[in-house]
Structures are given as C-alpha cells and as structure tokens.
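The values are calculated or read from the model by the stated rules, or taken from the named source; none is laboratory data. Every value quoted in this text rests on a predicted model; they were computed, and no experiment measured them. Cβ: placed from backbone, ideal geometry, glycine included. Neighbour counts: every protein chain shown. Note: accessible area is taken over every heavy atom of the protein model, side chains too, but ligands, DNA and RNA are not part of it. Shrake-Rupley method; radii C 1.70, N 1.55, O 1.52, S 1.80 Å.
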Amino acid sequence: MIALLCFALAVLVSPFKSKSRLEAENAVLRHQKSRSRGGRPLVETDLRALIRQMSIENPLWSAPRIPGELLKLGFEVAQSSVAKYMIKRRGPPSQGWRTFSA
C-alpha cells in the first residue's frame, strides 16, 4: 500500500522536475545499463594482416603453427583467432559419383 502511494506521488511530481535533473537522471540510468561486452578480445588490424600474409606465404602452415611463430615475434594470439583470420584455401575437387559410373 505504501509503495503504491509512493509511486502515485512520484508520478504526480515528475512533471515538475527541472530539465537538468531529468538529464542527469537519464545519464545515470544510461550508464547503469551499459556493460562491457565479454568474449574474445579484438585482434588489431595490423596483426590480422600479418596472419593473412603468413598464411599466404606459407601454404603448408596451419592454424596450430602460426600462433607459435607469432609468439616468437612477441604476439600472443589464440589458435581459434588465427584460424578465423587465415586465408581459406580450397583444395582440388574430390571425385564425384560420375567417376565410378563409367
């Protein structure tokens, strides 16, 4: 009952609040709801370019090898991040069913 009375009083008083107080309240509420996003940290653009260049110049290197080489250069990157930014290669097409039907 008291909570309902307080709510009704707040609704009646709200049109009389000053504009600066409303702006301050909005800023506080906006700041409360904003949260930092979790997950994988972003990889810098230069490092992405280096990963692509390494995967182009060394076609036999796979995602497990490149993080080791980058670690020697002073960059610590996860294997999953390297796999994400590597150049995707397509191998020769596999044999289809027509090969066996002739």
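For the chain, give the magnitude of the charge dipole about the Cα centre (Cβ charges: +1 Lys/Arg, -1 Asp/Glu; no others), in debye to the nearest 20.
Values: 17 positive and 7 negative charges, 66 e Å.
With only Lys, Arg, Asp and Glu charged at Cβ, the dipole is about 320 debye.
For n ≥ 4 DSSP H runs only, could you compute -39500 (n - 2.57) per run for the chain, divide by its residues and tell me the 222 nm figure to the nearest 500? Could you put the intermediate results ahead of the total?
Working: 6 runs with 59 residues, N = 102.
Value at 222 nm, helices only: -17000 deg cm²/dmol.
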Given (1) 46; (2) 53; (3) 68 as candidate values of percent of Cα pairs over 19 Å apart, which corresponds to the one derived from the coordinates? (3)
Choice from Val82, Val11, Val43 with maximal GNM fluctuation in the chain (Cα, 10 Å cutoff): Val11
For Ala10 and Arg37 in the same chain, what is the full-extension length gain: residue separation times 0.36 nm, less their Cα-Cα distance, in nm? 6.3 nm
Roughly how many Å² is the accessible area per residue of the chain, as a whole number, for a 1.4 Å probe? 91
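Hey, any idea what % of segment 1-85's accessible area is carbon plus sulfur with a 1.4 Å probe?
Working: 4450 of 7310 Å².
With neighbouring chains kept in place, the figure for segment 1-85 is 61 percent.
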Answer with one residue from Leu60, Leu42, Val11: the one whose Cα lies farthest towards the positive end of the charge dipole of the chain, charges on Cβ with Lys, Arg +1 and Asp, Glu -1. Val11
